[in-house]
Amino acid sequence: MNVQDTAQSQRQGCPFHKEKIGEEYQPFVNPQLSNPYLFYDFARKEEPIFYSSALNGYVVTRYDDILAILKDPAKYSSKDNLEPIGEYTKETIDVLRTGFPFVSDLVNSDGSRHKFLKEPLLKVFAPARIAAMEESVSAIANRLVDNFIKDGQADILGQFAFPMPLEVILNLYGVPLAGMTDIKIWCNDMAELFSAPLTPQRQVECARSFVSLQYKVADLIEQRKQSPQNDLISDIQDSDLTMPDMVMVLSGLIFAGHKTTSHLIGNALKVLLDQRDLWQTICENPSIIPGVVEEALRYDAPVPAVYRTTTGIVEIGGATLPKDTKLFLMYGSANRDESQYENADNFDIQRFQKTTSNHLAFGHGMHRCIGSKLALTEARIALEVLSSRLPNLKLQSNQEFTYIPTLRSRGCTNLHVEWDVV
């Protein structure tokens, strides 16, 4: 930032200071929890890679730097991608040891290990198989709307955006819906365990939930060994994955398979209803919804950050960093980088209508989300169903939006809507 820009920033009341940027980055509390983008804008211009005392690692904010890191897994390992914020207490570690061995998952593995874990899942998430699920996904979405359409109001997160993707992934696993409530709680706790600063007591509670999810998955694996079905768990039984491998991978997919999509749907609805003309536009032009979903991913990424660890001395973005440096790659910042996107802070409903999306919301390269096609399909169907059945949907007035205080998940805890009942 040059002198003129700095002066302009000061005149506009910029609350941040370059010399204190590492201390001023506070992603778990407001106002940055609700709106981190003002800070990211400042960081990209003033100190695009900086050390954060809150995270005990370096924060990377520019698109080009993050993309370069994602393209070079040999220099930037994913091995610590599930490391907690802070340290686990002895009590928490003792609880985790009652579960399955903590082997590497899809998100914290590299090279041949990552390929080994991903290979059995490729046929499950093949485009043709996802396309074949569209009818059932649409049926789930419509049934959920049926449950509240006569009420004139709803908590659209709790009654639609959260249960829809969870039901889809449970159907994929062949899990009865009676287990949905427990799994939802366990996954919420899992999100906190791996990406939020917690009290010792809360750590233990979340660790118990993670272990409970592991044993639920292990029980399903044993059931499918005895009686295979037409589901994801049965499909990977003939692979070389060990029981700990399957437990970790399947637990991770249950979590990622619904949390990411739930937040994507919620974040998209929030911006579309907040700018009501946007909602009217997709109601009148449903063919643009796929591009709108891509813009929603860019604008408010449901997975706003991932971790990488340097495997040697590296130079990135003008910074020289030693081996074993922890890096926090801020997808949320990269997707608002002005060098990549004109009017980056504006939600442009036309941005990806004629061009292929290049946002980083699903990652890039070997670690691009394996379920991204399913997530895009679910979000598209969600917006198609809601816009066709509730075209006069609007946000309830005078509600205060709160966000979950985790680094790797971004979404509101509440989104109350209303409509005129015909």
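The values are calculated or read from the model by the stated rules, or taken from the named source; none is laboratory data. These numbers come from a predicted model, not from an experiment. For neighbour counting, all protein chains shown are included, and Cβ atoms are generated from backbone atoms with ideal geometry for every residue, glycine included.
Mind telling me which of the residues Lys79, Lys118 ends up being outside any helix (DSSP H, G or I), touching a residue at least 12 places away in the same chain (Cβ under 8 Å) and in contact with a helix residue (DSSP H, G or I) (Cβ under 8 Å, 6 or more places away or on another chain)?
Numbers: Lys118 fails: outside any helix (DSSP H, G or I).
Result of the check over Lys79, Lys118: Lys79.
Restricting the search to region 205-229, which residues are over 22 Å from Ile185 (Cβ atoms) and touching a residue at least 40 places away in the same chain (Cβ under 8 Å)?
Result: Arg224, Gln229.
Looking only at region 325-362, which residues are of a type in the set (Lys, Arg) and either touching a Leu at 6+ places or on another chain (Cβ under 6 Å) or assigned to a loop (DSSP other than H, G, I, E, B) (or both)?
Kept after step one, since they are of a type in the set (Lys, Arg), are these residues of region 325-362: 326, 336, 351, 354.
Result: Arg336, Arg351, Lys354.
Scanning for something over 30 Å from Lys184 (Cβ atoms), touching a strand residue (DSSP E or B) at 6+ places or on another chain (Cβ under 7 Å) and surrounded by fewer than 24 Cβ atoms within 10 Å (Cβ to Cβ), does region 291-310 turn up at least one residue?
So far as region 291-310 goes, yes, one or more of its residues are over 30 Å from Lys184 (Cβ atoms), touching a strand residue (DSSP E or B) at 6+ places or on another chain (Cβ under 7 Å) and surrounded by fewer than 24 Cβ atoms within 10 Å (Cβ to Cβ).
Of the numbered conditions (1) modelled with pLDDT under 90; (2) hydrophobic (A, V, I, L, M, F, W, C); (3) outside any loop (DSSP other than H, G, I, E, B), Phe16 fails exactly one; give the number of that condition.
The number of the failed condition is (3).
Please name all residue pairs, on different chains or six or more residues apart, with Cβ atoms under 6 Å, provided the first residue is in region 343-361 and is without any contact (Cβ under 8 Å) to a residue 40 or more places away in the chain and the second residue is surrounded by 13 or more Cβ atoms within 10 Å (Cβ to Cβ) and part of a loop (DSSP other than H, G, I, E, B).
Sorted first by the residue in region 343-361, then by its partner, the pairs are Ala344/Arg336; Ala344/Glu338.
Could you run through region 158-212 and say how many residues are in a loop (DSSP other than H, G, I, E, B) and closer than 28 Å to Leu386 by Cβ?
The total comes to 4.
Return the residues of region 212-240 that are within 22 Å of Thr406 (Cβ to Cβ) and surrounded by fewer than 18 Cβ atoms within 10 Å (Cβ to Cβ); say none if nothing qualifies.
Ser212
For residues in region 136-166 being surrounded by fewer than 16 Cβ atoms within 10 Å (Cβ to Cβ) and among the aliphatic types (A, V, I, L, M), which is farthest from Ile381 (Cα to Cα)?
Ile149
Is there a residue in region 388-402 that is part of a helix (DSSP H, G or I), farther than 15 Å from Ala154 by Cα and in contact (Cβ under 8 Å) with a residue 24 or more places away in the chain?
yes
Which of (1) in a loop (DSSP other than H, G, I, E, B); (2) surrounded by fewer than 17 Cβ atoms within 10 Å (Cβ to Cβ); (3) in contact (Cβ under 8 Å) with a residue 60 or more places away in the chain; (4) hydrophobic (A, V, I, L, M, F, W, C) does Met366 not meet, given it meets every other one?
Here Met366 clears every test but (1).
On the given criteria, is Leu122 at pLDDT 95 or above and not acidic (Asp, Glu)?
Taking the combined requirement at face value, the residue does not satisfy it.
Within region 376-385, is even one residue of a type in the set (Asp, Glu), surrounded by fewer than 18 Cβ atoms within 10 Å (Cβ to Cβ) and part of a loop (DSSP other than H, G, I, E, B)?
Among the residues of region 376-385, not one is of a type in the set (Asp, Glu), surrounded by fewer than 18 Cβ atoms within 10 Å (Cβ to Cβ) and part of a loop (DSSP other than H, G, I, E, B), which makes the answer no.
Taking Lys79 as the residue in question, decide whether it is basic (Lys, Arg), within 30 Å of Ala218 (Cβ to Cβ) and modelled with pLDDT under 95.
So Lys79 fits the description; yes.
When you scan region 60-74, how many residues do you find that are surrounded by 17 or more Cβ atoms within 10 Å (Cβ to Cβ) and in contact with a helix residue (DSSP H, G or I) (Cβ under 7 Å, 6 or more places away or on another chain)?
Residues meeting the conditions: 7.
Might you let me know whether region 185-204 holds any residue that is on the phi < 0 side of the Ramachandran plot, of a type in the set (Val, Ile, Thr) and in contact (Cβ under 8 Å) with a residue 40 or more places away in the chain?
Filtering region 185-204 for residues on the phi < 0 side of the Ramachandran plot gives 185-204.
If we keep only those that are of a type in the set (Val, Ile, Thr) too, we end up with 185, 199, 204.
Filter once more, keeping what is in contact (Cβ under 8 Å) with a residue 40 or more places away in the chain: 204.
Yes, some residue in region 185-204 is on the phi < 0 side of the Ramachandran plot, of a type in the set (Val, Ile, Thr) and in contact (Cβ under 8 Å) with a residue 40 or more places away in the chain.
Looking for something under 19 Å from Leu360 (Cβ atoms), β-branched (Val, Ile, Thr) and at pLDDT 95 or above - is there at least one such residue anywhere in region 237-260?
Among the residues of region 237-260, not one is under 19 Å from Leu360 (Cβ atoms), β-branched (Val, Ile, Thr) and at pLDDT 95 or above, which makes the answer no.
Being part of a loop (DSSP other than H, G, I, E, B) and within 20 Å of the chain's Cα centre (by Cα) is the filter here; which residues of region 35-51 pass it?
Passing the criteria: Asn35, Pro36.
Can you tell me how many residues within region 204-229 are in contact with a Gly (Cβ under 8 Å, 6 or more places away or on another chain) and of a type in the set (S, T, N, Q)?
Residues meeting the conditions: 2.
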